[in-house]
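The next block holds one structure in the form of structure tokens; read it before the comments.
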Amino acid sequence: MGTSATEYNLKQVEKLRSQTWQEIVPMVPLKAGYKETRHHYFPTLKSDVWTHVRLNLYPDGGIARLRLFGEVILDLTLLNSSQ
């Protein structure tokens, strides 16, 4: 088992501004990675556009691969028009 977070760890977490992240999949208990239980598919709660995804895993450890499925949408406003 892990140890509790230190003061330094807590300050680093505060820098992430976790309260501003949107939850798109609720917390779900996962089972061991046996053949019949190793694949999990979850729909998102919202159909917004995201640029980053964060996975919180409690307790620590246990996810071998994370695959996200979706559609890439190019934001043309980010292109430099002076070129």
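The values are calculated or read from the model by the stated rules, or taken from the named source; none is laboratory data. Because the structure is predicted, anything quoted here is derived from the model rather than measured. Ideal geometry is used to build each Cβ from the backbone, glycine not excepted, and the neighbour counts take in all protein chains shown. Note: accessible area is taken over every heavy atom of the protein model, side chains too, but ligands, DNA and RNA are not part of it. Shrake-Rupley method; radii C 1.70, N 1.55, O 1.52, S 1.80 Å.
Since residue 25 meets every condition but one in (1) at pLDDT below 85; (2) in a loop (DSSP other than H, G, I, E, B); (3) open to solvent by less than 100 Å² (accessible area, probe 1.4 Å), which condition does it not meet?
(1)
Outside any loop (DSSP other than H, G, I, E, B), out of contact with any His (no Cβ under 9 Å at 6 or more places or on another chain), at pLDDT below 85 and open to solvent by 100 Å² or more (accessible area, probe 1.4 Å), is that true of residue 19?
So residue 19 passes the test.
Quick one: in the range 36-83, which of the residues that are small (Gly, Ala, Ser) and modelled with pLDDT of 80 or more is least open to solvent (accessible area, probe 1.4 Å)?
Looking at residues that are small (Gly, Ala, Ser) and modelled with pLDDT of 80 or more, I get 70.
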